[in-house]
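Structure first, then comments.
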Amino acid sequence: MGCRRRVPAAELLRVVARDGAVVPDPTHRLPGRGAHLHPVVACLDLAERRKAFPRALRVPPPLTTDLVRRVIAGADDLTMPP
Ligand SMILES: [Zn+2]
């Protein structure tokens, strides 16, 4: 979504929209429409600048990304599928 570089889905962080927020789905299991981005801040910044989240997740803006940013910035443990 951010840099648009194509890599295997396993290398990407899946996110979904919940209650006006972008929520990380590291196990790729949450129901509903998802979107994928590289788990790096640069890709997140790009996606935000392009206002890509509301479009990709098909929900009206605004969508807060604090939770995803914390996860990507390594603030929280992230168990990526092997
Ligand atoms: Zn990217």
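The values are calculated or read from the model by the stated rules, or taken from the named source; none is laboratory data. Small disclaimer: the values here were computed from a predicted structure and weren't measured. Methodologically, a virtual Cβ is constructed for each residue, glycine included, from the backbone with ideal geometry; neighbour enumeration extends over all protein chains shown.
Can you name every residue in segment 24-49 that is within 11 Å of the ligand (Cβ to nearest atom) and either touching a residue at least 40 places away in the same chain (Cβ under 8 Å) or touching an Asp or Glu at 6+ places or on another chain (Cβ under 6 Å) (or both)? Walk me through how you get there before you give the answer.
Going residue by residue through segment 24-49, those that are within 11 Å of the ligand (Cβ to nearest atom) are 36-47.
Within segment 24-49, 39, 42, 43, 44, 45, 46, 47 qualify.
Scan segment 28-74 for residues that are within 15 Å of residue 7 (Cβ to Cβ) and exposed (fewer than 14 other Cβ atoms within 10 Å of the Cβ) and report the count.
Summing the residues that are within 15 Å of residue 7 (Cβ to Cβ) and exposed (fewer than 14 other Cβ atoms within 10 Å of the Cβ) in segment 28-74 gives 1.
Out of (1) more than 16 Å from the ligand (Cβ to nearest atom); (2) in a loop (DSSP other than H, G, I, E, B); (3) among the small types (Gly, Ala, Ser), what's the single condition that is false for residue 17?
Tallying (1) more than 16 Å from the ligand (Cβ to nearest atom); (2) in a loop (DSSP other than H, G, I, E, B); (3) among the small types (Gly, Ala, Ser), residue 17 fails exactly one: (2).
Tell me the residue from 39, 62, 54, 31 that is assigned to a loop (DSSP other than H, G, I, E, B), under 12 Å from the mean Cα position of the chain (by Cα) and at pLDDT 90 or above, please. Step through it out loud before you land on a result.
Numbers: 62 fails: under 12 Å from the mean Cα position of the chain (by Cα); 54 fails: assigned to a loop (DSSP other than H, G, I, E, B); 31 fails: under 12 Å from the mean Cα position of the chain (by Cα).
Result: 39 is the single residue among 39, 62, 54, 31 that is assigned to a loop (DSSP other than H, G, I, E, B), under 12 Å from the mean Cα position of the chain (by Cα) and at pLDDT 90 or above.
Looking at 66, 45, 19, which is the one that is out of contact with any Pro (no Cβ under 7 Å at 6 or more places or on another chain) and on the phi > 0 side of the Ramachandran plot? Reasoning before the result, please.
Working: 66 fails: on the phi > 0 side of the Ramachandran plot; 45 fails: on the phi > 0 side of the Ramachandran plot.
Step by step, each of 66, 45, 19 is checked, and only 19 is out of contact with any Pro (no Cβ under 7 Å at 6 or more places or on another chain) and on the phi > 0 side of the Ramachandran plot.
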